[in-house]
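K.L.:
Here you go, one structure.
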Amino acid sequence: MSRIAATFEKLRSEGRTALIPYVTAGFPFAAITPALMHGMVEAGSDVIELGIPFSDPMADGPTIQKAGDKALALGVGLVQVLAYVREFRQKNDTTPVVLMGYANPVERYDQIHGEGAFVNDAANAGVDGMLIVDYPPEECEAFAAALRARGMDLIFLLAPTSTDERIAQVARVASGYVYYVSLKGVTGSSALDPAAVEAMLPRIRKHVQIPVGVGFGIRDAQTAQAIGEFSDAVVIGSRIIEMLNDQPHEKVVPLTIDFLRGVRKALDA
C-alpha cells in the first residue's frame, strides 16, 4: 500500500477530511521549502503538493505563474525539487509528498539523466505521487505502471466539463486520489460554488473508487469546511502563495502554520 493510500485509509477510519496544501518549490526563497513543508505538517496537513517550477504552466493562474517565475529565477529546477524532498524525508518518513507539474521538465530530466531516471530518482528521494497536468490518461499507462512499481501513485485532474467517458478513463489509470478542479478556469479563481461541487461528486464516484480531493478556489477555512463536508480532501494553493509573496524569510513558515491550523480546525469541527 502506498503512503498516500495508507494516509487516506487512516483518515477515513477517523472520519476526517484530508488537508492538502500546495506550494511552488523554491518559493518564496530557494532553500526554505523543506522547512515550509515541515511547518505544513505541524499545522495538520495530511499530504503536501509540491509544484515543479515551469515557464509555461497552462493550468495555473497569475499567482502561481509568478511564484514559478520567481523560483526559476532563483535557479530552482527538478534537481533542486527532488533535493528538497530528500531533505524533508530526513525528519519525516510518513507524510505523503506529491509533485505537481508539467510534462516538459519531466521529459527533459530523462533526456539529461537517462531514460527512467525521473521515476527512479523521485522514488529514491521519497516522492509518493505525481500529478502531471498535461499527461492524458490514455497515454499514461506505461508511466503509471512504472510509478506503481516504485510505490508511487499517478494522480489526475477532473473538471466540471469532464464527460463520463473521460472520468472512466481516469479511473482506470489513476491511483492515490483524483483531484477535482472545482472551477472552469485556472488556479486562484474565486467564484467557487460548493453546491455545484457537491452535485458533481456522485458522477465522479460512480466511476472512481479512490478518494476525491477538491481544489481551485478554496481560499479560507469557511470554504474548506463547506467542501470538506462531501469531499475526501481539500487542496489549497494560490491563497498560500498570495499570503507568502513579499514576506520576509522569518515570517514565511509561521504565517503558513497559522493559516493552515485555522483550516485544519474548521475541517475537524
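K.L.:
Quick check on segment 156-165: of everything there that is within 24 Å of I20 (Cα to Cα) and free of Cβ contacts under 8 Å to residues at least 60 places away in the same chain, which residue is surrounded by the fewest Cβ atoms within 10 Å (Cβ to Cβ)?
P.N.:
T161
K.L.:
Residues that are free of Cβ contacts under 8 Å to residues at least 60 places away in the same chain and touching a Phe, Trp or Tyr at 6+ places or on another chain (Cβ under 7 Å), at least 2 per element: which helices (runs of 4 or more DSSP H) completely within segment 35-150 meet that?
P.N.:
On the way: elements: 62-73, 78-89, 103-113, 117-125, 141-149.
Those helices (runs of 4 or more DSSP H) span 62-73, 103-113, 117-125.
K.L.:
Is it the case that V41 is among the β-branched types (V, I, T), surrounded by 23 or more Cβ atoms within 10 Å (Cβ to Cβ) and either within 18 Å of the chain's Cα centre (by Cα) or closer than 30 Å to F230 by Cα (or both)? Lay out the reasoning, then the answer.
P.N.:
Details: among the β-branched types (V, I, T): yes; surrounded by 23 or more Cβ atoms within 10 Å (Cβ to Cβ): no; either within 18 Å of the chain's Cα centre (by Cα) or closer than 30 Å to F230 by Cα (or both): yes.
Here the answer is no, as V41 does not meet what is asked.
K.L.:
Residues of segment 102-144 being over 20 Å from the mean Cα position of the chain (by Cα) and among the hydrophobic types (A, V, I, L, M, F, W, C), which ones?
P.N.:
I112, A117, A142
Each value in this text was obtained by applying a stated rule to the coordinates, not by laboratory testing. Only a predicted model underlies this, so the values are computations on that prediction, with no experimental measurement involved. When we count neighbours, we look across all protein chains shown, and the Cβ atoms used for this are built from the backbone with ideal geometry, even at glycine.
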